[in-house]
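Below is one structure, written out as C-alpha cells; the observations come after it.
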Amino acid sequence: MKILLVCSGGMSTAIVVKAIEQQAAKTGRALAVSSVGAGEFPAAVKGGWDIALVAPQVRHRLAEFQAAAAEAGVPVALIPPQGYSPLGGAVILAEVDKLLN
Amino acid sequence: MEKIFAWLDRRLIPVMTRLSEQRHLRAVRDGIIATIPLIIVGSFFLIIAFPPVPALAAAVKPYTAQILMPFRLTMGLMALYAAHSIGYHLARSYKLDGVAGGVLALAAFLLTSLPVDIEGKGLALPMENLGGGGMFVAILMAIVAVEILRFAKEKKLTIRMPEGVPDSVARSFEALIPAGVIIPLVWAVRHLAGFDIQHAVTQLFAPLVTAGNTLAGVLAPILLISLLWSAGIHGDSVVGTVARPMWLVLLDQNIAAAAAGQPIPNIAPEPFFQWFVFIGGSGATLGLVCLMALSQSPYLRGVGRAAFLPGVCNINEPVIFGAPVMLNPLLFVPFVAGPALMGVITWFAMHLGLVTKPYILVPWTLPAPIGAYLATGGDWRAIVLAAVNILIATVLYYPFLKAYERKLLKEQEDTP
C-alpha cells in the first residue's frame, strides 16, 4: 500500500511518516509512506498512491487538496489530530484501514 | 474557555482561512516562498562580507564589494524573481500556461522602471526598484498581467493555430494578444503619462510597513498565529500569506542598511518572530517540551521526549497534536500569553538598542540561539535574549503543565 502525507512544508509529516513506518514494521505490514509540502502536492499526488492523508494543521486547505487528488483519482482523508504525533502511527493506520475497506 | 474555542472555530478561523485561501493571496504566498532560497543564500554573503569577528572583518574588507555581488543580484533583485514566480502561480491557479503568466508578469513589472542613460555605458536599470522596495509593485503588476491573460483566454482573444501545429508552438501564441495589451498599457501609464507606479504604490503601502514595526504591529501577528494554532490550524502559513510581503520589505530595508554600514532601522522582519518569539515552534513550545520530557505522567514524558529534537528544530506539530495543546483549555493561556510576553520583551530590547535588530534570513530549522546569533549578523546578546525568552516561556508553562499533569495522572488512576 502507498500512502502520501501532506502538510504545510513537508517537515512535520516526515515525523509522522516515521511513526507510521514503525507501526507497520511492528505489525509486519508492507507500506510505502512519503510526505510532501502543500506546494508540491498537486504534482506529487499523481504518483500512484492508494490514499492521500492531510495533516490537521492544514485542514482548512482540504478542498484544494481534494481537487488535486480527484484529478489523480486518489482518495483523500484528514489525519485525526490525536494521530498526528510521533506516537500516532497506530491511530493513523487504523483510520486508513477503515477508509479503504 | 469553551467560549473562546467556539469563537475561534466559528469566527476567526473561517475569516482567516478564507483570506489565506484567496486565489491572489495564495499566488503571492507561493510566489514569494519560491524566492526564499535565493534570499537565504544571498544574505549569507552579507555575513561573509561583514563577519562578527573583528580580525576576520579586517581581512575581508578589501573584497567587500566582490563578496556582496551574489547578495546584490539575489536579495537585491528580490521583486524581480517574485514577479515572475507570482505570475507563474497565479496563471497555474487559473489552469493557464504558467510560464506565459510568469513572463508577462515580469514584463509588466520591468516596464514600471525607467532605464537611465549612463554616459559611455549605455542604458542601465536602477536596481533599487527591483529589490524588496519594489515588492508591492511586483505583486500588483503580476496580478494585472495574469488577469489580462485570463480575460483574453476567456473571451477567446487568442490567435488560434490550425490543426497540426504542435501544442507548444500553439501555446506560445496564446500569450501574444495579452502581451499586446499589457505592454502598451503599462508603457502608456508609466512612460507616456509619466505616472510613477513605483512611487505611488510604495506611498500607498508605506503606512502598513511603518505599522508593522510598532509594538502593536508585532503583537497582532503573534496573537493571531497563536490563536489559530491553539485550534490546530497552521497559523504562520495563514498569517504569513498576508504579512510576508511586508516582512520582506522590512527585511530588505534592514539588509540594505547593513550592507551600507548604517544602523539597522526595522525591528520586525520575520526573523524577529522566528528566533525570539516562536522558539521551538509557534506558542514557544520548546520550554513546554522540556518540561514534558521530565514529567511524572508517562504519557506526557513519552510525547515530550519524542517531540524534543523536532522542537529544537522549531517543528512542534508533535507536541501540539500529541500533548495535545490544540483545544486544551489548560495549556491555552501560556500558549497565547507566552509568545506575546516574549514579543514585548524582545521589542523593547531592540527598541532600546540592547540587541541588534535582525537583518539576515537563515533557515528556520536551526536551533533558536544559533538562528538568533546569525540573524542579527553575529550579536552575542541575541543568544542571551533568546535564552531569557526560552526561560520565560518555560516558567510560564510550568504551573499550567503541572495542572494538566495532575489531571492526566488522576484519569490514569481512575481507569483501572
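The values are calculated or read from the model by the stated rules, or taken from the named source; none is laboratory data. What you see is a predicted model, and the numbers here were worked out from it, not measured in a lab. Reconstructed Cβ throughout: ideal geometry from the backbone, glycine too, with neighbour counts over all protein chains shown.
Quick rundown of the values:
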{"quantity": "Selection status of B:ILE13, at pLDDT below 90 and either crowded, with 22+ Cβ neighbours inside 10 Å or in a helix (DSSP H, G or I) (or both)", "calculated": "yes"}
{"quantity": "Any pair with Cβ under 8 angstrom, 6 or more apart, that starts in the stretch A:62-89 at a residue that is touching a residue at least 60 places away in the same chain (Cβ under 8 Å) and facing another protein chain (nearest Cβ under 10 Å) and ends at one that is among the basic types (Lys, Arg) and outside any loop (DSSP other than H, G, I, E, B)", "calculated": "A:PRO86/A:LYS18"}
{"quantity": "B:LEU250 farther than 29 Å from B:VAL144 by Cα and either within 14 Å of chain A (Cβ to nearest Cβ) or not charged (D, E, K, R) (or both)", "calculated": "no"}
{"quantity": "Any pair with Cβ under 6 angstrom, 6 or more apart, that starts in the stretch A:7-24 at a residue that is within 8 Å of another protein chain (Cβ to nearest Cβ) and ends at one that is of a type in the set (S, T, N, Q)", "calculated": "A:CYS7/A:THR13; A:SER8/B:SER237"}
{"quantity": "Residue that is surrounded by the most Cβ atoms within 10 Å (Cβ to Cβ), among those in the stretch B:300-327 that are in contact (Cβ under 8 Å) with a residue 60 or more places away in the chain and more than 9 Å from chain A (Cβ to nearest Cβ)", "calculated": "B:VAL325"}
{"quantity": "Members of the stretch B:359-372 that are crowded, with 21+ Cβ neighbours inside 10 Å and part of a helix (DSSP H, G or I)", "calculated": "B:ALA368, B:GLY371, B:ALA372"}
{"quantity": "Which numbered condition A:LYS46 misses (of (1) touching a residue at least 40 places away in the same chain (Cβ under 8 Å); (2) in a loop (DSSP other than H, G, I, E, B); (3) more than 9 Å from chain B (Cβ to nearest Cβ))", "calculated": "(1)"}
{"quantity": "Single condition B:LEU125 does not satisfy, out of (1) modelled with pLDDT of 90 or more; (2) crowded, with 16+ Cβ neighbours inside 10 Å; (3) of a type outside the set (Phe, Trp, Tyr); (4) out of contact with any Phe, Trp or Tyr (no Cβ under 7 Å at 6 or more places or on another chain)", "calculated": "(2)"}
{"quantity": "Any helices (runs of 4 or more DSSP H) falling wholly within the stretch B:147-253 and containing at least 3 residues that are touching a Lys or Arg at 6+ places or on another chain (Cβ under 9 Å)", "calculated": "B:167-174"}
{"quantity": "Among residues of the stretch B:254-287, those that are assigned to a helix (DSSP H, G or I) and closer than 25 Å to A:GLN82 by Cβ, counted", "calculated": "2"}
{"quantity": "Those residues of the stretch A:49-61 which are surrounded by 16 or more Cβ atoms within 10 Å (Cβ to Cβ) and either touching a residue at least 40 places away in the same chain (Cβ under 8 Å) or in a loop (DSSP other than H, G, I, E, B) (or both), in sequence order", "calculated": "A:TRP49, A:ILE51, A:ALA52, A:LEU53, A:VAL54, A:ALA55, A:GLN57, A:VAL58"}
{"quantity": "Within the stretch B:388-416, considering residues that are aliphatic (A, V, I, L, M) and surrounded by 14 or more Cβ atoms within 10 Å (Cβ to Cβ), the one farthest from the chain's Cα centre (by Cα)", "calculated": "B:LEU409"}
{"quantity": "Residues within the stretch A:34-64 that are closer than 23 Å to B:GLY311 by Cα, of a type in the set (Val, Ile, Thr) and within 11 Å of the chain's Cα centre (by Cα), tallied", "calculated": "2"}
{"quantity": "Some residue of the stretch B:19-37 being within 14 Å of another protein chain (Cβ to nearest Cβ), out of contact with any Leu (no Cβ under 9 Å at 6 or more places or on another chain), modelled with pLDDT under 85 and within 27 Å of B:ALA231 (Cβ to Cβ)", "calculated": "yes"}
{"quantity": "Test: A:VAL58 is within 24 Å of B:MET16 (Cβ to Cβ) and touching a His at 6+ places or on another chain (Cβ under 9 Å)", "calculated": "yes"}
{"quantity": "Residues that are at pLDDT 90 or above and under 29 Å from B:ALA323 (Cα atoms), drawn from the stretch A:38-56", "calculated": "A:PHE41, A:ILE51, A:ALA52, A:LEU53, A:VAL54, A:ALA55, A:PRO56"}
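For every residue, the table says whether it meets (1) among the β-branched types (Val, Ile, Thr); (2) buried (at least 16 other Cβ atoms within 10 Å of the Cβ).
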position	(1), (2)
B:HIS24	no, yes
B:THR35	yes, yes
B:ILE40	yes, yes
B:PHE44	no, yes
B:ALA58	no, no
B:PRO62	no, no
B:MET78	no, yes
B:TYR81	no, yes
